[in-house]
Amino acid sequence: MSQSQGNLLQKLLLRRSKNGRLASAWIALCIGCTLLLISVLMWSVFQELLNGKNKQQDSLGSTFLTISKMVDDASMANKQLTQIDAADVALIKKAPQVQDIGLLSPANFKVSASLGSGPMSFYTLLFLEAAPDRFMDQMPKTWKWQEGDQTIPIILSRDFLNMYNYIFAPSQRLPLLSEQTVKAIGFTLTMGEGEQQTNYRAQVEGFSDRISSVLVPQSFIDYGNRKFGQSNSTNISRVIIKVGDPSDQQFTNFLKQHKYTTNAEQLRFSKMRTIVEVVSLATGILALLIMAIGTLVFILFIELTMAQAQTSVQLLLQIGYSPKKLSRFLVVKYIPIMLSALCVALCITLALNYFASQQLEQLQLHISPFPGFYLWLAASFSGLILLWQISLAIRKAIKA
Amino acid sequence: MKLEIKQLIPIPLREKFNSKSSDIWLQSLQLVAPEYIFIQSPSGTGKTTLINCLYGVRNDYDGRIKWNDKELRAETTEGIAALRAKEISVIFQDMRLFPELSAWENLEIKRSLTHTISEIEASEWMNRLGIGDKKNALAKTLSYGEQQRLSIIRALLQPFSFLLMDEPFSHLDKKNTSIAAALILEVVQKNKAGLLLADLDENNFFPYHKTLSL
């Protein structure tokens, strides 16, 4: 199509088209696209958070539970009954909602902790436990131990420190301890008995909200159990599991049925997934609706423009212009406008995603700063639908 | 190019005609380019309707119209567009110019479709028909006579095998008519095309091979 022909067609077909009206149609389409893309983004971000691909990551959609066998009258007499064996692990692994399972290995030797000497000295018997690294919510850089190391890193349950500060210390007229102070104080750990007795320096490296225990690296527990252990086998009685939705009835029934026990409060904790799913579904439907309205406004704008130019269209057809040629001219005019609305919507969504990833980072929730496959899919899909709808509207308007 | 008409009768004229009253309506005939045909048709006999039917603008008729053995009504819109752009040209009685375009733009929109005629040639034709000074005037501001001359030139700006004309000189004086007719004949001969002119009264605008009454 020559430039002069293009100009003449522009004059005949689009002269009556008002810029203000085009701008409103563009804005409507842009808002529709933006909302649609944002809702897809929201959905995919929630999916990412709920089903966190990275298993080590804390995500909204999963909770870590420590479970053990219930201590009842029978097991009081027989400690073996509370131990968790390979069969239990296999069973729990297959339970509904369970995404991962890790053994909490206890130290099967005597441990005591002491600090200083004289009247201000402190001494306590202690227990130690190790959890697989992927279940740790705190992983300080110093979290490693190998044979020969004299210092053992320790992660303490934050509950313990709270109990000391709020309950124990006031009643015993002891000083309160901040986390920084506790981290700064090194104390002595004494392992084993008799000739085997060995002292290590211990250093609190962090506080865990997830596991109520005194945690040391797995390598140390393995070494200690071998060296100071009272029996060859390690008796495991607690496991830590990652579950999708702990409030799932099937999961709670499973626990009840097999007499496993856990912190019941945590079971009621997460209705999050359901809420999030309902919210993203509702937003999605709303966004689709608004997108449909936006598209309709844009198409009505084209139809109105074409209706105003109907006499010219008819005459152009009569002097030998083909409907295809006229459609192509209009498609070339309107598709870039439509695409620009979609591109702006995409840019807004990308910016929002980047901003959200920055904000969520502060809440220790990790989402990718660049959106995934679904957003691009939604953008291409809506682009294609718009392309189709607009071409169709143009073709119909010309044949009318 | 061959035009075949079989038992053609526009639906609104069905009651008015029978096979004996017209040479065209309800008849079967064949016109082959480069034949020059004059269709004499008093007012109300369906002259414009005939041209519109032959050009594919109207479809409300019984019978058949075939261009080159192809049924016109069965053609796709694209097929009709191709026919109008390269095979059949028309001079409408009511001119049908774009009022919001200038005289030159009215020609240019047609000329740019096939580029058969150069800008220089089109410009010369305007001068020849005495509307060279109206190039930039909007079509709606031109007199009927000027508009008619413009629509004549427009019809000649494409390649064609048949030229349909519906009272093409109704707004022109004798002198302008003969100038316009000379130009038309020149271009028709160059195209080796046929022509079909429908008018009220007998005339000798062109050396007709056949005269039919409607």
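The values are calculated or read from the model by the stated rules, or taken from the named source; none is laboratory data. Keep in mind that this is a model prediction, so the values were computed, not measured. Note: ideal-geometry Cβ built from the backbone for every residue, glycine included; neighbour counts use all protein chains shown. These accessible areas exclude ligands, DNA and RNA; they are computed on the full protein's heavy atoms, side chains included. Shrake-Rupley method; radii C 1.70, N 1.55, O 1.52, S 1.80 Å.
A few notes on this one:
- Those residues of the range A:8-23 which are of a type in the set (Lys, Arg) and more than 10 Å from every other protein chain (Cβ to nearest Cβ), in sequence order: A:18, A:21
- Taking the range A:96-197 as the region of interest, the strands (runs of 3 or more DSSP E) fully inside it that hold 3 or more residues being closer than 16 Å to residue A:217 by Cβ are A:98-106, A:151-157.
- For the range B:68-111, the set of residues classified as in a helix (DSSP H, G or I), surrounded by fewer than 19 Cβ atoms within 10 Å (Cβ to Cβ), within 10 Å of another protein chain (Cβ to nearest Cβ) and free of Cβ contacts under 8 Å to residues at least 40 places away in the same chain consists of B:77, B:78, B:79, B:82, listed by residue number.
- Within the range B:43-63, being among the basic types (Lys, Arg) and modelled with pLDDT of 95 or more holds for no residue.
- Scope the range B:155-214; condition part of a loop (DSSP other than H, G, I, E, B), aromatic (Phe, Trp, Tyr) and open to solvent by less than 50 Å² (accessible area, probe 1.4 Å); matching residues: B:160, B:169, B:206, B:208
- For the range A:140-170, the tally of residues that are without any contact (Cβ under 8 Å) to a residue 24 or more places away in the chain and open to solvent by 70 Å² or more (accessible area, probe 1.4 Å) stands at 6.
- Test set (1) among the acidic types (Asp, Glu); (2) in contact with a helix residue (DSSP H, G or I) (Cβ under 8 Å, 6 or more places away or on another chain); (3) closer than 27 Å to residue B:32 by Cβ - residue B:201 fails condition number: (2)
- Contacts under 6 angstrom Cβ, first residue in the range A:318-332 being more than 7 Å from every other protein chain (Cβ to nearest Cβ), partner surrounded by fewer than 21 Cβ atoms within 10 Å (Cβ to Cβ) and in a helix (DSSP H, G or I), 6 or more apart: A:327/A:395; A:331/A:391
- For the range B:50-63, the candidate set comprises residues that are more than 14 Å from chain A (Cβ to nearest Cβ) and surrounded by 22 or more Cβ atoms within 10 Å (Cβ to Cβ); within that set, the residue that is nearest to residue B:214 (Cα to Cα) is B:50.
- Elements of type helices (runs of 4 or more DSSP H) in the range A:243-313, at least 1 residues being loosely packed, with under 14 Cβ neighbours inside 10 Å and at pLDDT 75 or above: A:249-257, A:272-308
- Condition broken by residue B:15, with the remaining ones in (1) part of a loop (DSSP other than H, G, I, E, B); (2) without any contact (Cβ under 8 Å) to a residue 40 or more places away in the chain; (3) closer than 22 Å to residue B:94 by Cβ satisfied: (3)
- Residues that are open to solvent by 20 Å² or more (accessible area, probe 1.4 Å) and touching a residue at least 40 places away in the same chain (Cβ under 8 Å), drawn from the range B:112-127: B:113, B:114, B:116
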